[in-house]
Amino acid sequence: MCATGDSTEGGDPGGNQQPGEPDDEKARFSALLEDSAEDLYEHAPCGYLSTLLDGRIAKVNTTLLNWLGHTREDLVGRKHFSDLLTVGGRLYHETHFAPLLRMQGEISGIALELKTADGSRLPVMVTSTVKRGGDGQPLLIRTTLFDARDRRAYETELLRARREADQERDRLKLLNATLQRTLLPPTLANVPGLDVAAHYHVASADEVGGDFYDLFPLSAGTWGMFLGDVCGKGAAAAAVTSLARYTLRAAAVYDPDPAAVLANLNTVLNHEYHGTDPRFCTVLYGLLSPDTDRGGFRLTLASGGHPPALLMRADGTADRLPTPGGQLIGVLPDAHIATVTFRLAPGDTLLLHTDGLTEAHAGGDGGDRYGDEALLALGRALAPTTASRTIGAIRALLDTFGTGVDDDTAVLAVHVPLPAGEGQT
């Protein structure tokens with residue numbers, strides 16, 4: 001009893017006033033809580049509207065009237081809700097909104113536009129609910145409207161930014177395509193007695209790949225050919241690709257021996273990119289010269305860590321041309337270059353390719369890798385073949401992979417035609 005008396009003595013009889021709380025602040029706070037329900041309805045931060053089942057307006061709050069610029073007498077009993085909508089909104093209301101509301105009894109989050117008294121448009125988000133009586137029969141429709149002008153402005157800005165992003169992406173694609181074309185020969189050299197075909201498959205238009213190839217004349221009766229793949233993608237890879245392509249051409253003029261050509265390229269790349277951002281490539285370089293005694297061509301092929309070429313012979317067999325021990329170009333100061341010399345006889349076809357082909361996913365994204373063995377099986381199925389038939393089959397194969405090709409692919413095929421009168425099977 002004494003404790004209770006001590007706690008209330010001289011204090012707030014109601015026990016509600018906090019220590020140090022001014023009386024006038026408490027009074028203002030109490031006044032805020034005494035807003036009438038009518039005031040809360042009239043001046044809510046959203047529009048309220050009640051309509052009869054036929055859509056005729058029965059009640060509207062001050063907030064919505066202020067947004068529209070109308071008086072209560074303009075609307076109540078005189079207008080239908082659909083009269084407040086734009087032509088498109090009225091059509092949507094009659095064909096979708098109203099039928100769904102009748103079936104479901106409630107519909108929410110619908111974007112519509114209202115017409116204001118001055119003819120401007122007011123974007124709103126609309127939610128409507130059917131009020132029912134005790135017997136379950138519908139009595140009227142209550143609708144809440146939220147001002148969506150800020151949202152509409154945000155969406156407009158978002159669309160504008162998206163359009164600009166799409167335009168920038170298109171410009172980037174054009175730039176990448178133009179840059180890619182400069183890294184490939186516009187045409188391949190015409191070698192008497194040899195048919196040549198090539199193809200470059202772009203995995204992504206958003207990035208420049210690092211694959212490259214070329215076939216070009218050297219001294220009288222000899223030609224150089226190469227196909228390679230620079231690590232990485234984008235502008236950095238394109239710079240290395242350009243350097244590699246022109247270095248190979250220049251080195252071949254200085255000393256056409258294939259091992260010497262790749263050794264020269266290795267020195268250049270190792271010197272230029274030996275720091276914190278090393279760059280390297282794999283490459284096959286070949287020296288072609290006619291075999292005047294037996295027909296066809298003599299070919300010496302040097303490899304710097306590149307996948308082996310595929311030889312499809314006139315007799316219908318096909319095998320890889322292994323160059324074991326060839327090391328990546330640009331990594332070590334003195335890379336080991338592996339070479340192989342052979343005869344490309346009449347009816348034979350040689351295919352050079354980058355690993356984008358064998359590492360593609362045969363079943364699309366997530367499928368198994370196509371692999372070296374599958375490519376060898378394709379070569380054996382094609383042999384004997386021609387350069388154009390081989391490249392055509394590779395192009396068709398890449399198309400079947402779809403999005404499974406996640407790296408650019410370059411292929412180069414050379415074929416020695418059979419003598420006149422001996423048809424290719």
Q. Within the range 68-115, how many residues turn out to be surrounded by fewer than 14 Cβ atoms within 10 Å (Cβ to Cβ) and β-branched (Val, Ile, Thr)?
A. 3
Q: Please name all residue pairs, on different chains or six or more residues apart, with Cβ atoms under 8 Å, provided the first residue is in the range 89-106 and is in a strand (DSSP E or B) and the second residue is open to solvent by 30 Å² or more (accessible area, probe 1.4 Å).
A: Glu106/Thr127; Glu106/Thr129
Q: List every residue pair whose Cβ atoms lie under 6 Å apart, where the two residues are 6 or more positions apart in sequence or sit on different chains, the first residue falls within the range 200-212 and is at pLDDT below 85, and the second residue, located anywhere, is among the hydrophobic types (A, V, I, L, M, F, W, C).
A: Ala203/Val405; Val208/Leu179; Val208/Ala238; Gly210/Val230; Gly210/Ala237
Q.
I'd like the full set of residues that are closer than 20 Å to Gly209 by Cα and open to solvent by less than 10 Å² (accessible area, probe 1.4 Å), limited to the range 322-350.
A. Ile329, Gly330
Q.
Contact list please: Cβ distance under 8 Å, first residue in the range 31-43 and closer than 17 Å to Phe146 by Cβ, second residue open to solvent by 60 Å² or more (accessible area, probe 1.4 Å) and at pLDDT 65 or above, pairs at least six apart or on different chains.
A. Tyr41/Tyr48
Q) For Leu299, are the conditions met, namely being under 27 Å from Asp319 (Cα atoms), out of contact with any helix residue (DSSP H, G or I) (no Cβ under 8 Å at 6 or more places or on another chain) and in contact (Cβ under 8 Å) with a residue 60 or more places away in the chain? A) no
Q.
Can you tell me which residue is nearest to Gly286 (Cα to Cα) among those in the range 332-358 that are out of contact with any Gly (no Cβ under 8 Å at 6 or more places or on another chain) and of a type in the set (D, E, K, R)?
A. Asp355
Q | Only one of Gly356, Gly363 that is out of contact with any Pro (no Cβ under 6 Å at 6 or more places or on another chain), open to solvent by 30 Å² or more (accessible area, probe 1.4 Å) and over 28 Å from Thr292 (Cβ atoms) | A | Gly363
Q | Lone qualifier among Leu188, Leu158, Leu139, Leu179 - being open to solvent by 70 Å² or more (accessible area, probe 1.4 Å), at pLDDT below 90 and either on the phi < 0 side of the Ramachandran plot or of a type in the set (Ser, Thr, Tyr) (or both) | A | Leu158
Q.
For the range 226-250, give me the residue count where each residue is in contact with a strand residue (DSSP E or B) (Cβ under 9 Å, 6 or more places away or on another chain) and over 14 Å from Phe280 (Cβ atoms).
A. 7
**Q.** Residues (in contact (Cβ under 8 Å) with a residue 60 or more places away in the chain, among the hydroxyl-bearing types (Ser, Thr, Tyr) and over 19 Å from Leu215 (Cβ atoms)) located in the range 235-289
**A.** Thr267
Q | Members of the range 251-271 that are among the polar types (S, T, N, Q), touching a strand residue (DSSP E or B) at 6+ places or on another chain (Cβ under 9 Å) and under 17 Å from Ala302 (Cα atoms) | A | Asn266
Q. Could you list, in sequence order, the residues of the range 259-296 that are among the basic types (Lys, Arg) and closer than 23 Å to Cys231 by Cβ?
A. Arg279
Q: Starting from residues that are buried (at least 19 other Cβ atoms within 10 Å of the Cβ) and modelled with pLDDT of 90 or more, keep the ones in the range 271-289 and report whichever is farthest from Leu418 (Cα to Cα).
A: Cys281
Q) Could we say that Thr385 is modelled with pLDDT under 95, part of a loop (DSSP other than H, G, I, E, B) and either β-branched (Val, Ile, Thr) or under 14 Å from Leu310 (Cα atoms) (or both) here? A) no
Q) If you take the residues of the range 305-321 that are more than 20 Å from Ala410 (Cβ to Cβ) and in contact with an Asp or Glu (Cβ under 8 Å, 6 or more places away or on another chain), which of them is surrounded by the most Cβ atoms within 10 Å (Cβ to Cβ)? A) Ala314
**Q.** Residue, modelled with the lowest pLDDT, within the range 394-425, restricted to residues that are crowded, with 18+ Cβ neighbours inside 10 Å and more than 25 Å from the chain's Cα centre (by Cα)
**A.** Leu418
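The values are calculated or read from the model by the stated rules, or taken from the named source; none is laboratory data. Model, not experiment: these values are computed from the prediction. Quick reminder, even Gly has a Cβ in these numbers, built from the backbone with ideal geometry, and neighbours come from all protein chains shown. Note: accessible area is taken over every heavy atom of the protein model, side chains too, but ligands, DNA and RNA are not part of it. Shrake-Rupley method; radii C 1.70, N 1.55, O 1.52, S 1.80 Å.
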